[in-house]
1. Put a dot 7 Å past each Cα toward the Cβ at Phe29 and Ala14; how far apart are the dots in nm?
2. Using a 10 Å Cβ count of at most 16 others and DSSP loop calls, identify the longest part of the chain lacking such trypsin sites (Lys or Arg not before Pro).
3. In the chain, what percentage of the DSSP-assigned beta bridges are antiparallel, given to the nearest 5?
4. For segment 1-91, what size does the Cα cloud have along each of its three principal axes, sorted from largest down, in whole Å?
5. Out of the chymotrypsin sites (Phe, Trp or Tyr not before Pro) in segment 13-115, which ones are loop residues according to DSSP with at most 14 other C-beta atoms within 10 Å?
6. Amide H to amide H under 5 Å from Gly108: which residues, 5+ apart in sequence or cross-chain, H placed 1.01 Å off N in plane?
7. When only C-alpha pairs under 8 Å and at least 6 residues apart count, what is the relative contact order of the chain, in percent?
8. So with the 1.4 Å probe, I'd like the accessible area per residue for segment 37-114, rounded to whole Å².
Amino acid sequence: QVQLVESGGGLVQAGGSLRLSCAASGSIFSIIANGWYRQAPGKQRELVAAVTSGGVTNYANSVKGRFTISRDNAKNTLYLQMNSLKPEDTAVYYCKITLGAYAYWGQGTQVTVSS
């Protein structure tokens, strides 16, 4: 009964920026972690950024210094600010929320970076 709706993807030139949003609804409690994953054609889904309930963040080495994960608890919304985008960032991005022993995924949003 938890739903995650993503938005903010699109087409951008290399060096540009995008901000992804993930709005959660339903019975949300006992949050363990929030995260963003991405999957490019021919590659496995990988963790991009995550934040625990205590505010500890993790980033993939490939995005450190360029991406920032944040959360607005009042709006139940997770964000991923992506700056200095590279063609290698092109992928479908998925948000995930972990509640206790259960994980919920967003529908995915396409990010395409042109050179």
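The values are calculated or read from the model by the stated rules, or taken from the named source; none is laboratory data. Owing to the predicted nature of the structure, the values given are computational and were not obtained by experimental measurement. Cβ: placed from backbone, ideal geometry, glycine included. Neighbour counts: every protein chain shown. Areas reflect the complete protein model, heavy atoms only, side chains present, ligands, DNA and RNA absent. Shrake-Rupley method; radii C 1.70, N 1.55, O 1.52, S 1.80 Å.
1. That separation, rounded to one decimal, is 5.0 nm.
2. Working: sites that count: Lys43, Arg45, Lys64, Arg66, Lys75.
It works out to 1-42.
3. Values: 42 of 46 bridges.
Taking every DSSP beta bridge with both residues in the chain, the antiparallel ones total about 90 percent.
4. For segment 1-91, the Cα spread along each principal axis is 38, 25, 24 Å.
5. In loop regions of segment 13-115 (DSSP not H, G, I, E or B), the sparsely surrounded chymotrypsin sites (Phe, Trp or Tyr not before Pro) are Phe29.
6. Residues meeting the criterion, in which the H sits 1.01 Å from N, are Glu6, Cys95.
7. Values: 277 pairs, mean separation 42.2, N = 115.
RCO, the chain: 37 percent.
8. On the way: 4200 Å² over 78 residues.
Result: 54 Å² per residue.
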